């Protein structure tokens, strides 16, 4: 059992994980962040495998990433992660993305719930894991970016549609959290990524979608370089919402 | 400089890298194989960065993967890679995919060319890197799977279309080799992956495609569980061909 509050994991920006500008893609960074969350929790006794044994599962509710810059192709970087807080229904986990010298490239915040695998109802984190989780709370480590906020799309226009395919589906039979990120960024033209970079990116996950679902992506411009996106299933149920701020 | 002929690289099947059956996806395995090729070549003085300095670049021409089974979620595995042969215009690089105990899960073969970055014409590998590459030839290590063959699609039916988007494009401005694999496997219904597994998978890359290209996927069934796929650009030019054999 690892007793360090902060976990640190090394990475390198692989050639097929960078976009046409030679920078790591947001989807790949998101995947690394979620893996680090998994490693950190597993090493400390409250990881996915452990909670699955008790018929619970961790569910990612929100993610916010804010970056000075993305790692470049072949660049070594590392991700630190720690638990900031534990509440009854949610826990906040933060991240720092560091260059090889240990300087911050950016930060991320995530919010997780635990649900009962059968009833799909939220579990009481304090009752179930209060002791285990609390031992790792690291409230004083700075994460100087805003918390993930509430995203509302009022006057969105349909910017794209996507039918969920084999490659979208994870081991739970749901469209995987990372694929939403890729599909959302694919709504923007190449020119956007050529002239600007993503400064802040947020995801709020609401409901699962499934193989064969046609996802509709509604986008609303909320500022010069800011966009809110709502992803709906055929049933009109919201699967997730996202905020993208370019710079 | 590493003088071992065989390079070995450790991996773990990450949660977002497995499909709904809990097995590593072919796209992710392909990415790992190509990364291992890169690591092995880089450590031995003939990697992408080194050849780019001389205005050449490595181009993947063919890939064949044959597996007893795919690694399961969270399973540790490793990939060995070595150079089997060097010819004037091509070099053969092989791979073994091993479980944690070192038993083979499968093998892969790849064929690479080197091209001049400006003229895009093939380079003479023997003249340019004969000495460096030949020192690492390891012709006696077994790779007990068939070589990638010639794929011809005569009576294909259009099985899908895809417009190349931001997430498809690599640092060279081309649709990335791994994305073709994902799009090709997305032509098959979920049911296929539920009831069967991919025993052998081949890719033959012909021409680059670009952002905005509409790719047309023609598929021909060539046996009970065997399919040939041809991917064409709007211009009717063939971007790549693939063979998928289920089991």
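The values are calculated or read from the model by the stated rules, or taken from the named source; none is laboratory data. Everything numeric in this text was worked out from a predicted model, so none of it was measured. Here the Cβ is made from the backbone with ideal geometry for all residues, glycine too, and neighbour counts use every protein chain on show.
Structural remarks
- Within segment B:165-182, tally of residues that are touching a helix residue (DSSP H, G or I) at 6+ places or on another chain (Cβ under 8 Å) and more than 8 Å from chain A (Cβ to nearest Cβ): 4
- Among the conditions (1) within 10 Å of chain A (Cβ to nearest Cβ); (2) touching a strand residue (DSSP E or B) at 6+ places or on another chain (Cβ under 7 Å), residue B:208 misses just one, which is (1).
- Residue among B:77, B:95 that alone is within 18 Å of residue B:200 (Cα to Cα), in contact (Cβ under 8 Å) with a residue 40 or more places away in the chain and more than 14 Å from chain A (Cβ to nearest Cβ): B:95
- The residues in segment B:24-54 that are in a loop (DSSP other than H, G, I, E, B) and closer than 19 Å to residue B:125 by Cβ can be counted, and the count is 5.
- Residue that is modelled with the lowest pLDDT [pool: residues in segment B:51-66 that are more than 19 Å from residue A:16 (Cβ to Cβ) and in contact with a helix residue (DSSP H, G or I) (Cβ under 9 Å, 6 or more places away or on another chain)]: B:54
- A count restricted to segment B:206-218 and to residues that are in contact (Cβ under 8 Å) with a residue 60 or more places away in the chain and surrounded by 21 or more Cβ atoms within 10 Å (Cβ to Cβ) stands at 0.
- When residues of segment B:143-184 are limited to those that are under 30 Å from residue A:194 (Cα atoms) and part of a loop (DSSP other than H, G, I, E, B), the one farthest from the chain's Cα centre (by Cα): B:165
- Taking every residue in segment B:6-19 that is without any contact (Cβ under 8 Å) to a residue 60 or more places away in the chain and within 9 Å of chain A (Cβ to nearest Cβ) and pairing it with any residue that is in a strand (DSSP E or B) and surrounded by fewer than 17 Cβ atoms within 10 Å (Cβ to Cβ), at least 6 positions away or on another chain, the pairs with Cβ-Cβ distances below 8 Å are B:18/B:72.
- Screening residue A:53 on (1) within 12 Å of another protein chain (Cβ to nearest Cβ); (2) surrounded by fewer than 20 Cβ atoms within 10 Å (Cβ to Cβ); (3) free of Cβ contacts under 8 Å to residues at least 60 places away in the same chain shows it passes everything except condition (1).
- Criterion violated by residue A:164 - all others in (1) touching a strand residue (DSSP E or B) at 6+ places or on another chain (Cβ under 6 Å); (2) touching a residue at least 40 places away in the same chain (Cβ under 8 Å); (3) surrounded by fewer than 18 Cβ atoms within 10 Å (Cβ to Cβ); (4) closer than 24 Å to residue B:21 by Cα satisfied: (3)
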